[in-house]
Amino acid sequence: MMRTSIVSLVSGTLFGAGLAISGMMNPARVRGFLDFFGSWDPTLAFVMGGAVIIMAVAWAIQSRMRAPVCEDAFALPGTTRLDGRLIGGAVLFGIGWGLSGLCPGPAISSLAVNPLPALVFVTAMLAGMAIFRMTESRGQG
């Protein structure tokens, strides 16, 4: 348990540092990336490309491991199905990201640096999560 907490803390700190160093906590970077016909900012493309390379290496390493370092088994997604809910969620995420320039990780990190805009986003995100939980539980009950 303690080892898992330490690994989680180090991973979260590394992720937050990466967001800060790459400038991804700045909503203007994301909006600049989406401004194809104005002053386009390619920074986000480089960050995504770096993340894809690191993730490809991580998947290659994971496929050779019997179990993760701090757990008994891997908790991997059980399905690869593309359905309306997944696509709709991705579209909604993209619209919110494009409008606000923030996604959950940078928004939470931004609470420490630029709290007011981040607080608006995080509040809306939490409200959306609560609405989903309420409607999801009604649909399954």
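Within segment 60-73, restricting attention to residues that are under 20 Å from Ser11 (Cα atoms) and among the charged types (D, E, K, R), the residue that is surrounded by the most Cβ atoms within 10 Å (Cβ to Cβ) is Glu71.
The condition of being hydroxyl-bearing (Ser, Thr, Tyr) and closer than 18 Å to Asn114 by Cα holds for only one of Ser8, Ser39, Ser22, that being Ser22. Does Ala28 meet the test of being modelled with pLDDT under 90, not aromatic (Phe, Trp, Tyr) and not in a helix (DSSP H, G or I)? Spelling it out, it is not the case that Ala28 is modelled with pLDDT under 90, not aromatic (Phe, Trp, Tyr) and not in a helix (DSSP H, G or I).
Filtering segment 92-111 to residues that are in contact with a helix residue (DSSP H, G or I) (Cβ under 9 Å, 6 or more places away or on another chain), of a type outside the set (A, V, I, L, M, F, W, C) and part of a helix (DSSP H, G or I) leaves Gly96, Gly98, Ser100, Pro104, Gly105, Pro106, Ser109, Ser110. Checking the stated criteria, Met129 turns out not to satisfy the condition of being part of a helix (DSSP H, G or I), aliphatic (A, V, I, L, M) and either touching a residue at least 12 places away in the same chain (Cβ under 8 Å) or touching a strand residue (DSSP E or B) at 6+ places or on another chain (Cβ under 8 Å) (or both).
For segment 88-102, does any single residue satisfy the condition of being among the small types (Gly, Ala, Ser), loosely packed, with under 10 Cβ neighbours inside 10 Å and at pLDDT 85 or above?
No.
Among the conditions (1) assigned to a helix (DSSP H, G or I); (2) out of contact with any Ser or Thr (no Cβ under 7 Å at 6 or more places or on another chain), Phe37 misses just one, which is (1).
Restricting to segment 41-51, name every residue that is surrounded by 12 or more Cβ atoms within 10 Å (Cβ to Cβ) and assigned to a loop (DSSP other than H, G, I, E, B). Correct list: Asp41 only. Comparison of Leu76, Leu19 shows that the only residue that is surrounded by 10 or more Cβ atoms within 10 Å (Cβ to Cβ) and among the aliphatic types (A, V, I, L, M) is Leu19.
Looking at segment 52-74 only, could you name the residues that are at pLDDT 85 or above and assigned to a loop (DSSP other than H, G, I, E, B)? Those that are at pLDDT 85 or above and assigned to a loop (DSSP other than H, G, I, E, B): Met65, Arg66, Ala67, Pro68, Asp72, Ala73, Phe74.
The values are calculated or read from the model by the stated rules, or taken from the named source; none is laboratory data. Just so it is clear, the structure is predicted and the values come from calculations on it, not from any experiment. Note: ideal-geometry Cβ built from the backbone for every residue, glycine included; neighbour counts use all protein chains shown.
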